[in-house]
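Visitor: Okay, handing you the structure first.
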Amino acid sequence: MALRWALLRSAEISPGRKAALEYLHSLSKAQPTSSISCAGLHPAGRSFSTQAATTSSTPQPPPPPPPPEKTHFGDLKDEDRIFTNLYGLHDPFLKGAMKRGDWYRTKDLVIKGADWIVNEMKKSGLRGRGGAGTCKDREIMRRDPHKLLEGCLIAGVGMRASAAYIYIRGEYVNERLNLEKARQEAYASGLLGKNACGSGYDFDVHIHFGAGAYICGEETALLESLEGKQGKPRLKPPFPANAGLYGCPTTVTNVETVAVSPTILRRGPEWFASFGRKNNSGTKLYCISGHVNKPCTVEEEMSIPLKELIEKHCGGVRGGWDNLLAVIPGGSSVPLLPKHICDDVLMDYDALKAVQSGLGTAAVMVMDKSTDVVDAIARLSYFYKHESCGQCTPCREGTGWLWMIMERLKVGNAKLEEIDMLQEVTKQIEGHTICALGDAAAWPVQGLIRHFRPELERRIRDRADSELLMAASA
């Protein structure tokens with residue numbers, strides 16, 4: 001289920017408006033952003049100048065050496081945190097938000113125009129902060145709702161949009177109440193609506209309460225739900241950027257992606273890009289749960305080592321780091337990682353991709369050695385079976401098969417060759433569905449087979465041996 005926002009604008013798209021829309025739409029896909037400038041580039045790729053060449057007898061000094069590449073990440077300072085009320089220690093509403101810097105000279109940002117906003121966001125290297133409806137988005141809407149509302153306005157101006165729809169999952173009652181109160185404050189203060197922030201730009205924000213369907217976290221299913229239909233994903237193309245809500249060009253993205261934009265524009269894209277590794281810029285909200293001493297949601301620098309994240313902010317793994325069995329680093333839809341990988345892996349998009357997992361929602365689930373890892377993945381398989389909308393046959397049938405086989409493997413009631421059959425089922429689901437829910441169901445099982453196949457085989461052999469002993473003693 002989703003906690004996302006959609007921007008609706010007129011069906012007329014100028015080339016500039018379309019470029020802005022497509023860039024911000026790419027953020028919702030959590031793809032790396034890049035900027036390509038045609039100025040000063042020859043078609044063949046060589047640089048050129050329109051000025052006449054000049055000669056000088058004075059030798060030019062060599063350019064300064066580039067700064068040394070950063071090698072350690074983490075230890076984010078308090079003054080560099082974007083979300084300063086994650087733990088609810090301050091007033092979440094307008095008066096408190098303004099004290100923390102929200103809505104500060106927003107008019108100036110709006111007046112600079114869409115092209116400036118888009119170019120600045122490109123320079124920052126911001127990539128989509130996934131995780132519709134996860135812990136971090138819940139904290140933003142409950143503790144820092146004005147940061148989200150201001151971000152909606154900024155992103156809307158960047159796409160020349162006329163309205164934003166914030167779609168909240170049905171179970172988030174308190175979050176909806178806080179966000180609705182903040183929205184009313186913003187309208188009463190002239191920050192939203194007609195002539196938003198006194199900039200001459202008209203922009204509206206609407207809040208829509210969902211009914212709890214996980215599938216509505218998928219962008220086109222969310223649009224279907226907003227239109228009052230069943231929340232089932234649409235075939236693409238057309239993509240929402242071309243024909244989205246009520247047929248109008250629409251961008252759907254996650255709460256955190258939008259909420260960070262005003263701070264990036266105020267402090268500058270260079271400041272944001274100074275955190276994290278190349279192509280993994282900025283700060284990030286991480287939600288750590290499971291077998292840690294102090295579960296929490298924390299903002300840290302991108303590319304922080306996983307071990308440092310857990311030990312610094314969560315008091316370490318229950319029973320010590322050596323008691324760690326595995327970690328799911330990015331929510332239930334990404335493959336787990338065993339301890340020997342967790343010792344050194346960095347928490348960013350590219351590092352986790354390199355070890356065949358993903359940052360995903362950055363919802364870190366820690367499992368110590370008391371965990372039945374097969375049972376844990378079987379439970380995730382049941383969840384995806386239950387939440388499948390049933391529109392695609394590979395997902396509708398495949399998720400059921402995954403769960404049934406996992407239930408038998410959990411107790412060893414299977415044959416060794418069924419492990420390979422299970423792997424084949426995941427491959428038949430992955431990449432063969434309209435939306436990514438099928439992939440999300442397949443990847444945890446693939447990770448289990450990749451890293452814990454000996455455990456699966458042990459359970460099968462132990463069951464077979466016990467049955468032989470029972471038969472012999474009968």
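Computed from the coordinates by the stated procedures, all read-outs in this text should not be read as laboratory data. What you are looking at is a predicted structure, and each value in this text was computed from that prediction instead of being measured. Methodologically, a virtual Cβ is constructed for each residue, glycine included, from the backbone with ideal geometry; neighbour enumeration extends over all protein chains shown.
Visitor: With the cut-off at 28 Å, tell me which of the pairs Lys123/Lys307; Lys229/Lys284; Lys385/Lys427; Lys236/Lys427 have Cα atoms farther apart than that.
Guide: Exceeds cut-off: Lys123/Lys307; Lys229/Lys284.
Visitor: Rounded, prolate or oblate, given the Cα gyration tensor of the chain, with a/c below 1.5 counting as rounded?
Guide: Prolate.
Visitor: Relative to the Cα centre, what is the charge dipole magnitude of region 78-124, using +1 at the beta carbon of each Lys and Arg, -1 at the beta carbon of each Asp and Glu, and rounding to the nearest 20 debye?
Guide: 160
Visitor: Pull out a ≥ b ≥ c, the square roots of the eigenvalues of the alpha-carbon gyration tensor of region 339-450, then state rounded if a/c is under 1.5, prolate if not and a/b is larger than b/c, and oblate in the remaining case.
Guide: oblate
Visitor: Next question, about the same structure. Report ³J(HN,Hα) in whole Hz for each residue of region 330-347, in order, from the Karplus equation J = 6.51 cos²θ - 1.76 cosθ + 1.60 where θ = phi - 60°; Gly and Pro get x.
Guide: x, x, 5, 8, 10, x, 6, 10, x, 4, 5, 7, 5, 4, 10, 5, 9, 8
Visitor: Let me ask something else about it. Could you tell me the calculated FRET efficiency between Glu270 and Glu397, based on Cβ-Cβ distance and R0 = 51 angstrom, to the nearest 0.05?
Guide: Calculated value: 0.50.
Visitor: Let me ask something else about it. From the phi angles alone, apply the Karplus equation (6.51, -1.76, 1.60; θ = phi - 60°) to region 376-393 and give each ³J(HN,Hα) in whole Hz, x where the residue is Gly or Pro.
Guide: Whole-Hz 3J(HN,Hα) from phi for region 376-393: 4, 6, 4, 5, 5, 4, 5, 4, 5, 4, 5, 8, 4, 6, x, 6, 9, 4.
Visitor: How would Cys314, Cys395 line up from fewest to most surrounding beta-carbon atoms within 10 angstrom?
Guide: Cys314, Cys395
Visitor: Looking at the chain, what % of its DSSP beta bridges pair antiparallel, to the nearest 5?
Guide: Counting DSSP beta bridges with both partners in the chain, the antiparallel share is about 70 percent.
Visitor: In whole Å, what is the distance between the alpha-carbon centres of region 398-472 and region 85-133?
Guide: Comparing the Cα centres of region 398-472 and region 85-133, I get a distance of 45 Å.
Visitor: Using modelled amide H (1.01 Å from N, peptide plane; none on Pro or chain starts), what sits under 5 Å from the amide H of Leu337, excluding residues fewer than 5 places away?
Guide: Result for Leu337 returns Val327, Ile328.
Visitor: So for region 278-367, taking the charge dipole from beta-carbon charges (+1 Lys/Arg, -1 Asp/Glu), which of Pro305, Gly358, Asn279 sits furthest toward the positive end?
Guide: Gly358
Visitor: Quick one: which of 208-217, 427-436 comes out on top by average Cβ neighbours within 10 Å, and what's the full order, highest first?
Guide: Answer by packing, highest mean first, reads 208-217, 427-436.
Visitor: Label points 7 Å out from Cα along the Cβ direction at Lys236 and Lys77: separation in nm?
Guide: So the label points at Lys236 and Lys77 sit 3.9 nm apart.
Visitor: Turning to a different aspect of this structure: Give me a comma-separated list of calculated 3J(HN,Hα) values for region 435-440, in order, Karplus coefficients 6.51, -1.76, 1.60 applied at θ = phi - 60°, integers in Hz, x for any Gly or Pro.
Guide: 10, 8, 5, x, 4, 4
Visitor: Given charges of +1 on the Cβ of Lys and Arg and -1 on the Cβ of Asp and Glu, with all other atoms neutral, how large is the dipole of the chain about its Cα centre, in debye to the nearest 20?
Guide: Magnitude of the dipole: close to 920 debye.
Visitor: Nearest 10 degrees, 0 to 90: what angle lies between the long axis of helix 145-158 and the longest principal axis of the chain (Cα atoms)?
Guide: The helix 145-158 is inclined about 60 degrees to the chain.
Visitor: Then there is this: Cα centroid distance between region 308-361 and region 213-238, in Å?
Guide: 31
Visitor: To continue, here is another question. Amide H to amide H under 5 Å from Tyr201: which residues, 5+ apart in sequence or cross-chain, H placed 1.01 Å off N in plane?
Guide: The list, which skips near neighbours in sequence, is Asn195, Ala196.
Visitor: Rounded to the nearest 0.05, what FRET efficiency do Ser466 and Trp321 give with R0 = 35 Å and r taken as the Cβ-Cβ distance? Could you check?
Guide: 0.55
Visitor: Something else now. Could you pull out every residue, at least 5 positions away or on a different chain, whose amide H is within less than 5 Å of the one on Leu76? Hs are placed 1.01 Å off N in the peptide plane, and Pro or chain starts have none.
Guide: Glu301
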